[in-house]
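Provided herewith is a single structure, encoded as structure tokens, for subsequent inquiry.
Bear in mind these aren't lab numbers, they're just calculated from the coordinates by the rules spelled out. Computed from a prediction, not measured in an experiment: that's the story for all the values here. Cβ atoms come from the backbone with ideal geometry, glycine included; neighbour counts cover every protein chain shown.
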Amino acid sequence: MKKITRCLLTFILAVAPSYALCQEQDANAQVVETLIRQALAAEDSGQYSKSIELFKKILKIDTENAKAMNSIAGLYGKEGKFKEELEWAQMAIKANPEFDLAYINQGNAYINLNNPADAEHSFRNAIALNPKSPLGVYSLGVMAENKKEFDKAIEYYRQSIEIDPKFENGYFSLAAMLANTKQLDQAIAALDELLAMNPTAADAQTMRAQIINEKAKK
């Protein structure tokens, strides 16, 4: 009987620390989940600095959370703080070298810091890591558009919606480029596809009306 009691006591002592650790991990996960919701709500309401601070609180709990780091990068980009965006995107890449979205933010920062070569390299890394995402190809389209390479931009935008037929930004940017190059019927067709998916897209409605008006003048 004593042996059984001793064995049972040993088992309890061995399990207790693990159980306590699990409880602590569960509590931390709940706190992180709450902070994420608060950070996203702050971002949605335009409170970017508040959202950044909330994501930084997450990193005090989970120091290697690449998604939180990348979210901070994107928020700094929205604030126009591109050096900080680059710094945090690179931190996210260091934490998770296969995180394609971190390369997108890194590329966006490089564009705004007038470093197109490194921006393109970042976007191509994102494409290699996740070829099923339209964001890398779309970003190359934005680069081409900025360089006035409109035919190339149109091709990249077309590729982005081929990858993801529900990618609204791809349709909108494609329509804008087609309109700017006087391919008005094709621009309307792209906008019609967007509006079929999202009938309340105000920017698409406005652009379509402007193109119709332009066609009527001819």
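Tell me, what are the semi-axes, in whole angstrom and largest first, of the equivalent ellipsoid of region 137-218 as set by the roots of 5 times the Cα gyration tensor eigenvalues?
On the way: eigenvalues 77, 52, 16 Å².
In descending order the semi-axes read 20, 16, 9 Å.
Provide the three semi-axes, in whole Å and in decreasing order, of the ellipsoid equivalent to region 50-164 as defined by the square roots of 5 times the Cα gyration tensor eigenvalues.
26, 15, 11
Students often get this wrong, so try it: which of (1) 1.42; (2) 1.06; (3) 1.26 is Cα Rg over 2.2 N^0.38 Å as calculated from the structure shown?
(1)
Mind checking region 127-218 for GluC sites (Glu not before Pro) that DSSP puts in a loop (not H, G, I, E or B) and that have at most 16 other Cβ atoms within 10 Å?
Taking region 127-218 and a limit of 16 other Cβ atoms within 10 Å, the loop GluC sites (Glu not before Pro) found are Glu149.
Measuring from label point to label point, each 7 Å out along Cα→Cβ, what is the Lys166 to Thr34 span in nm?
3.2
Name the GluC sites (Glu not before Pro) in region 43-122 that are in a loop by DSSP and that have at most 16 other C-beta atoms within 10 Å, would you?
Glu64, Glu79, Glu98
Can you return the lysines within cross-link range of Lys152? Criterion is Cα-Cα under 18 Å, with same-chain partners fewer than 8 residues away left out.
Here the lysines satisfying the reach criterion relative to Lys152 are Lys182.
Moving on. Roughly speaking, what is the centre-to-centre gap between region 154-183 and region 59-133 when only Cα atoms are used, to the nearest Å?
Region 154-183 and region 59-133 have Cα centres separated by 24 Å.
With runs of 4+ DSSP H residues as the only contributors, calculate the mean residue ellipticity of the chain at 222 nm using -39,500 (n - 2.57) per run, divided by the residue total and rounded to the nearest 500. Each step should come with its number before you reach the end.
Numbers: 11 runs with 179 residues, N = 218.
Dividing the helical sum by the residues of the chain leaves -27500 deg cm²/dmol.
Based on the Cβ-Cβ distance of Lys217 and Ala196, what FRET efficiency does E = 1/(1 + (r/R0)^6) give at R0 = 25 Å, to the nearest 0.05? It would help to have the intermediate numbers written out before the result.
Details: r = 26 Å, r/R0 = 1.06.
After rounding to 0.05, the efficiency reads 0.40.
Considering the chain as a Gaussian network with a 10 Å cut-off on Cα pairs, which listed residue, Gly80, Gly170, Gly136, attains the greatest mean-square fluctuation?
Of Gly80, Gly170, Gly136, the most mobile in the Gaussian network model is Gly80.
On full extension of the chain, what length is gained from Thr206 through Lys60, given 0.36 nm per residue of separation minus the C-alpha to C-alpha distance?
Working it through step by step, the gained length comes to 48.1 nm.
Going by how many other beta carbons lie within 10 Å of each one, how would you line up Thr63, Thr200, fewest first?
Thr200, Thr63
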